[in-house]
Structures are given as structure tokens and as C-alpha cells.
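Participant: The structure that follows is given in the form of C-alpha cells.
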Number of protein chains: 2
Amino acid sequence: MDQVEIFKALSNKTRLQILNWLKEPEINFPGQAEHVGFEDGVCVGQIQLKTGLTQSTISEYLSLLQRAGLVQSVRKGQWTYYRRNEAAFETLSQLILTKV
Amino acid sequence: MDQVEIFKALSNKTRLQILNWLKEPEINFPGQAEHVGFEDGVCVGQIQLKTGLTQSTISEYLSLLQRAGLVQSVRKGQWTYYRRNEAAFETLSQLILTKV
DNA sequence: TTGGTATATCGGGAAATTCCGATATATATT
DNA sequence: AATATATATCGGAATTTCCCGATATACCAA
């Protein structure tokens, strides 16, 4: 867990926004087809739509968040679903109190 | 308290190092004259010496950390002493659990 | 006032980040 | 196979960050 990489990942308004939206996917991404559910998270396209930035940008932001360990992803068919890694935030919260 | 600014401030190895050193000034800055004490923190020159970077860089890093609210400073004579703002870290730790 | 020391600010080159459009890849459908 | 859709990757312009040397400012001492 590279502290600097984590803080860099969090140093962007759009990425913070995405992380926050992913706390309540059913509320923030009502557009995601009902039959899909939110167990695996939200697909890239839904997130992209909501940010208004381009698909390539959001795809890169999401994989950056994943490299930092803040989200996890699953590929299902042509979709990739991203969800928060809550454990990482708890670890980070503690890390700030003990190691920063 | 601007989240992005705080995370940017933490997105640098040297600045994280400085914050960590400031947790135990007496251990990490034995060079600071005894009669001065550490109540107000550590002066810029001591921090600069320990990092090996230039004076201007460290002066800027410290004021950046201060703008982010992570440290506080006092000017005493020709010296400026910097110390951690522990409350900011506690707030940040909580903020990660609730707002990120 | 003159000179010395500590810190802050300025200007800038190199590297990293932001975000884009174009293109490639993966999967599903027909 | 051909087509369509979702995502990933590539190349790059604009901006920001990193860190420097030079210079300015603040304070102290003689």
C-alpha cells in the first residue's frame, strides 16, 4: 500500500466524486439496468455519464483508483463493474492516525 | 477544509516524511538548540537539513502544508517554527470514513 | 548603519497530471 | 463472419507539480 499513490488518487475532484457516488450506487446510478443489481458495483459507462467527462478519462481514473486499492472491479460480459473497497478506507483512516 | 488540497499536500514523499518527523521532534531533530525546546515545533532550517532539499523548496513545502491546515507555525525572531496540527489529522481520519 | 543569518518569494526547466480524441480489444448478437 | 456495444489503451496539448538557483525580506548583533 503506497501512501503517496493513495493520496494522489484522492487528489482529484472527479475521483473523489466517483468514490462518493459509489457509496450509494442504487441512489446515484438509477440508470443501471434493474436486473443487473449493484452487488458488483457500477459499470464504467454509468459512471462516465454522470461525470460528463469522456469514456477514456473515466476508464483511466477507475483503473488508477484500483491501482491505489480504493476500488475493486469485476468483468462480466462486456461490462466492467467497479465498487468501493471499504476495507481500504478503514485502513487509510487508521494509517492517517498512526503513520502520517 | 478543501479535501483535494489536503490530499495534494499529502501526495509527496518528502512532505509525508516531514509530517512524520514532526511527530517526534526531540528524536528527529536533536540538532535544534536545547534552550529552544520543541513546544513551538521545529525551525525551517533543521527540517531542510534533514531532507537534503534546498531551503526554498522546504520553505514552500511547509507553507503548502500550512495552507492545507496540517501544520501550524510561529515566527520567533528570525526563526519560524512549524509543528503538526494534530486536530487536522483526527478530522481527516474521520472525514475519510464519512465523506470520501 | 553595516553585516550576518533565517526564511520567503520569484522565475523557470523538467517531469507528472489532466483530460481529450482516436484507435484497439473484448464480448455479444445475428 | 460481420456488426454493435463496452471498455481499455495510445498519443498528445494544456496545466500543474517538483525542485532548483537567485533574490528579497525580516530580524539580530556589532
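Participant: Filtering the range A:1-44 down to residues that are at pLDDT 95 or above and polar (S, T, N, Q), which residue is farthest from DNA strand D (Cβ to nearest atom)?
Facilitator: A:N20
Participant: Would you say B:Y82 is of a type outside the set (D, E, K, R), crowded, with 18+ Cβ neighbours inside 10 Å and within 9 Å of DNA strand C (Cβ to nearest atom)?
Facilitator: When the stated conditions are applied, B:Y82 passes them.
Participant: So A:R83 passes all but one of these: (1) in contact with a helix residue (DSSP H, G or I) (Cβ under 8 Å, 6 or more places away or on another chain); (2) assigned to a helix (DSSP H, G or I); (3) under 16 Å from B:V100 (Cα atoms). Which condition number does it fail?
Facilitator: With respect to (1) in contact with a helix residue (DSSP H, G or I) (Cβ under 8 Å, 6 or more places away or on another chain); (2) assigned to a helix (DSSP H, G or I); (3) under 16 Å from B:V100 (Cα atoms), A:R83 is out only on (2).
Participant: Turning to a different aspect of this structure: Name the one entry in A:L16, A:L22, A:L53 that is within 16 Å of DNA strand C (Cβ to nearest atom), closer than 25 Å to B:E5 by Cα and within 13 Å of chain B (Cβ to nearest Cβ).
Facilitator: Answer to the selection: A:L16.
Participant: Looking at B:S59, B:S11 in this structure, which one is outside any helix (DSSP H, G or I) and surrounded by fewer than 20 Cβ atoms within 10 Å (Cβ to Cβ)?
Facilitator: The conditions single out B:S11.
The values are calculated or read from the model by the stated rules, or taken from the named source; none is laboratory data. Fair warning: this is a prediction, and the values are worked out from it, not measured in the lab. For neighbour counting, all protein chains shown are included, and Cβ atoms are generated from backbone atoms with ideal geometry for every residue, glycine included.
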